[in-house]
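One structure is given below, encoded as structure tokens.
The values are calculated or read from the model by the stated rules, or taken from the named source; none is laboratory data. This structure is a prediction, so every number in the text was calculated from the model and none was measured. A quick note on method: Cβ atoms are made from the backbone with ideal geometry, for glycine too, and the neighbour counts reach across all protein chains shown. Heavy atoms of the whole protein, side chains included, go into the accessibility calculation; ligands, DNA and RNA do not. Shrake-Rupley method; radii C 1.70, N 1.55, O 1.52, S 1.80 Å.
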Amino acid sequence: MLALAMPAFAQQSPVATEPLGFEEYDPISTLKVEEHLLKRAKFPFIDVHNHQYQMPTQDLNALTAEMDSLNMGIMINLSGRGWSQEWEEGTATLKGSVENIRRTQPKRIAVFTNLTFKNFGEKGWTERAVKQLEDDVKSGACGLKIYKSLGFAGIKDDKGNRVAVSDVRLQPVWKKCGELGIPVLIHTADVPSFWDPMDRYNERWLELKTHPGRRRGPNDPVPFDSLIAEQHHVFRTNPKTTFINAHMGWYPNHLKKLDSLMIAFPNMYVEIGAVIAELGRQPRTARKFFEKYQDRILFGKDSWVPAEYTTYFRVLETEDEYFPYHKKYHAFWRMYGMGLPDEVLKKVYYKNALRIIPGLDASRFPR
């Protein structure tokens, strides 16, 4: 017997009935608006937050060629002493980096030094750290970078206790930076949502799922507010030292709060590394903030992924609407450009950095 022909509608593929998961859902927008996919910044810029870990032996000509493609005038490598916590090894890394820079690209790259916390708390540590800071600046370092490990459980003293950001034994270091005229770029804590419950209300849920090591308990190692309070104590008690608060102090999503901190701490600057997605979802509020504090905001990116700079240029320079961030797990929302005026852009891109970081070559930048 011949099978009866199936009706056309019955031969079609069945429609999926199970809902898509949040991770899979990634719709293509049907919105048709102007787009400006900027590959280069409008003005030469200084990236004050970058990390290069092989600089003593790195091909700096190849690196500056990549910088040229972005219109990056100067890169600040914050990892001058590398990751080593051995005093001599860190010194060798810093000196090797400076020598390579001076030999090949003296006008394009600069380095910050770092603290060596080995034997912290033992007699003489503070004096040695201050002396090392002085020597590193004489060798060519133009600032001090503090990693986020300070304040977390990763750095302990000789008694096994967590070293607070505001530990009194660090006070001579902050004071010496002020005397030397170098800024301190300091990263404290992490995104506040990392301390919140990992539930459907946490907008960083996908990031915490894909990067579980970033999740923290309420007191791991201390609450977010406690860590930030330690940092602010350092700012308050060292008014003659210039601090660059990394990642806008983790308040890019609460600019009213950050505004109050800018008023409270006139020695505090901020940089925008890794928080451009927060600014891009509130373009009007962010633009007002940038216009108000145009003399105290610096450009930073953090991770060295050249293709990602276009997101920063687009948020800062254009008035584009509803465009995606380059990492869904970091920001699933869409963004909008602030369209900053040229004079504000110039300050954020290079003028502010030239003013507070000593020794940078200004010849590549418009007056």
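Computed quantities for the displayed model
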item: Flag for K288 being of a type in the set (K, R), within 24 Å of I186 (Cβ to Cβ) and open to solvent by 20 Å² or more (accessible area, probe 1.4 Å); result: no
item: Residue that is farther than 25 Å from F265 by Cα, modelled with pLDDT of 95 or more and acidic (D, E), where the choices are E319, E278; result: E319
item: Residues being open to solvent by less than 10 Å² (accessible area, probe 1.4 Å) and out of contact with any strand residue (DSSP E or B) (no Cβ under 9 Å at 6 or more places or on another chain) - total across region 71-92; result: 0
item: Region 258-304: number of residues that are out of contact with any helix residue (DSSP H, G or I) (no Cβ under 9 Å at 6 or more places or on another chain) and either over 21 Å from W333 (Cα atoms) or of a type outside the set (D, E, K, R) (or both); result: 4
item: Helices (runs of 4 or more DSSP H) (entirely within region 143-251) containing at least 2 residues that are among the small types (G, A, S); result: 224-237
item: Residue tally, condition part of a helix (DSSP H, G or I) and within 15 Å of P252 (Cα to Cα), over region 298-324; result: 3
item: Among (1) part of a loop (DSSP other than H, G, I, E, B); (2) open to solvent by 10 Å² or more (accessible area, probe 1.4 Å); (3) of a type in the set (A, V, I, L, M) - the single one V130 does not satisfy; result: (1)
item: Condition met for Y322 (out of contact with any Cys (no Cβ under 9 Å at 6 or more places or on another chain), touching a residue at least 12 places away in the same chain (Cβ under 8 Å) and open to solvent by 60 Å² or more (accessible area, probe 1.4 Å)); result: yes
item: Pairs with Cβ under 6 Å, 6+ apart, first in region 45-68 and closer than 19 Å to R81 by Cβ, second hydroxyl-bearing (S, T, Y) and open to solvent by less than 30 Å² (accessible area, probe 1.4 Å); result: H51/S79; Y53/S79; M55/S97; P56/S97
item: Failed criterion for D295 (all others in (1) open to solvent by less than 20 Å² (accessible area, probe 1.4 Å); (2) in a loop (DSSP other than H, G, I, E, B) hold); result: (1)
item: Flag if N77 is of a type outside the set (D, E) and touching a His at 6+ places or on another chain (Cβ under 8 Å); result: yes
item: Residue tally, condition in contact with a helix residue (DSSP H, G or I) (Cβ under 8 Å, 6 or more places away or on another chain) and either among the hydroxyl-bearing types (S, T, Y) or open to solvent by 60 Å² or more (accessible area, probe 1.4 Å) (or both), over region 151-170; result: 2
item: Any hit, region 18-37, residues being closer than 22 Å to G143 by Cβ and assigned to a loop (DSSP other than H, G, I, E, B); result: no
item: Subset of region 325-360 that is surrounded by 18 or more Cβ atoms within 10 Å (Cβ to Cβ) and hydroxyl-bearing (S, T, Y) - its residue that is nearest to R314 (Cα to Cα); result: Y336
item: Set K32, K95, K42: member being of a type outside the set (S, T, Y), more than 29 Å from P358 (Cα to Cα) and surrounded by fewer than 20 Cβ atoms within 10 Å (Cβ to Cβ); result: K32
item: Residue satisfying condition, being assigned to a helix (DSSP H, G or I) and under 19 Å from P306 (Cβ atoms), within set S69, S97, S79; result: S69
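Each row is one residue, and each column tells you yes or no for (1) without any contact (Cβ under 8 Å) to a residue 12 or more places away in the chain; (2) within 30 Å of V168 (Cα to Cα).
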{"position": "I228", "(1), (2)": "no, yes"}
{"position": "N245", "(1), (2)": "no, yes"}
{"position": "Y251", "(1), (2)": "yes, yes"}
{"position": "Q282", "(1), (2)": "no, no"}
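Conditions tested, residue by residue: (1) open to solvent by 50 Å² or more (accessible area, probe 1.4 Å); (2) within 21 Å of the chain's Cα centre (by Cα); (3) of a type in the set (F, W, Y).
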site	(1), (2), (3)
G178	no, no, no
S193	no, yes, no
P197	yes, no, no
R200	yes, no, no
V222	no, no, no
